[in-house]
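Engineer: The structure is given below, and queries will be raised subsequently.
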Amino acid sequence: MVIIRLIRQGKKKIPFYQIVVSDNRFPCYGRFIEKIGFFYPLNNNKENFKINMFRLNFWIKNGAKISKRIYHLLKIYKNKNNVIY
């Protein structure tokens with residue numbers, strides 16, 4: 001099954017997350033199919049969440065599941081201008 005989830009990157013105590021589409025049989029930090037965005041929780045001055053909605057909708061139509069964290073991030077940042085449409 002294909003899932004859309006976060007991959008943690010960055011340094012210790014400075015997290016940076018990539019939003020990726022991957023197969024759930026692979027490890028969380030392993031192979032992925034496509035990067036579709038990022039989430040940077042500590043960046044207050046600039047954009048800290050960006051996702052390609054075209055690719056997100058494409059993968060959802062093809063049967064991909066969204067993780068709970070991505071679902072909540074989409075609810076929070078839905079009305080802001082830092083999401084690619």
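Engineer: Cβ-Cβ distance below 6 Å, separation of 6 or more or different chains: which pairs start in region 45-61 with a residue that is farther than 14 Å from Ser22 by Cα and in contact (Cβ under 8 Å) with a residue 24 or more places away in the chain and end on one that is assigned to a loop (DSSP other than H, G, I, E, B) and hydroxyl-bearing (Ser, Thr, Tyr)?
Structural biologist: Asn48/Tyr40; Met53/Tyr85
Engineer: Within region 25-63, track down each residue that is of a type in the set (A, V, I, L, M), more than 15 Å from Met1 (Cβ to Cβ) and surrounded by 11 or more Cβ atoms within 10 Å (Cβ to Cβ).
Structural biologist: Ile36, Ile51, Met53, Leu56
Engineer: Report yes if Tyr71 is among the aromatic types (Phe, Trp, Tyr), surrounded by fewer than 14 Cβ atoms within 10 Å (Cβ to Cβ) and in a loop (DSSP other than H, G, I, E, B), otherwise no.
Structural biologist: Details: among the aromatic types (Phe, Trp, Tyr): yes; surrounded by fewer than 14 Cβ atoms within 10 Å (Cβ to Cβ): yes; in a loop (DSSP other than H, G, I, E, B): no.
Taking the combined requirement at face value, the residue does not satisfy it.
Engineer: Could you tell me whether Leu42 is farther than 15 Å from Tyr77 by Cβ and either in a loop (DSSP other than H, G, I, E, B) or in contact with a Ser or Thr (Cβ under 9 Å, 6 or more places away or on another chain) (or both)?
Structural biologist: Yes; evaluated as a whole, the condition is true for this residue.
Engineer: Here's a follow-up. Among Phe32, Phe58, Phe26, Phe49, which is at pLDDT below 90 and out of contact with any strand residue (DSSP E or B) (no Cβ under 8 Å at 6 or more places or on another chain)?
Structural biologist: Within the list Phe32, Phe58, Phe26, Phe49, the selection yields Phe26.
Engineer: Still on this structure: Can you tell me which residue is surrounded by the fewest Cβ atoms within 10 Å (Cβ to Cβ) among those in region 1-22 that are of a type outside the set (A, V, I, L, M) and under 14 Å from the mean Cα position of the chain (by Cα)?
Structural biologist: Here the answer is Arg8.
Engineer: Looking only at region 6-39, how many residues end up being of a type in the set (A, V, I, L, M), under 16 Å from Arg69 (Cα atoms) and part of a loop (DSSP other than H, G, I, E, B)?
Structural biologist: Result for region 6-39: 0.
The values are calculated or read from the model by the stated rules, or taken from the named source; none is laboratory data. All figures in this text were calculated on a predicted structure; none of them were measured in a lab. Reconstructed Cβ throughout: ideal geometry from the backbone, glycine too, with neighbour counts over all protein chains shown.
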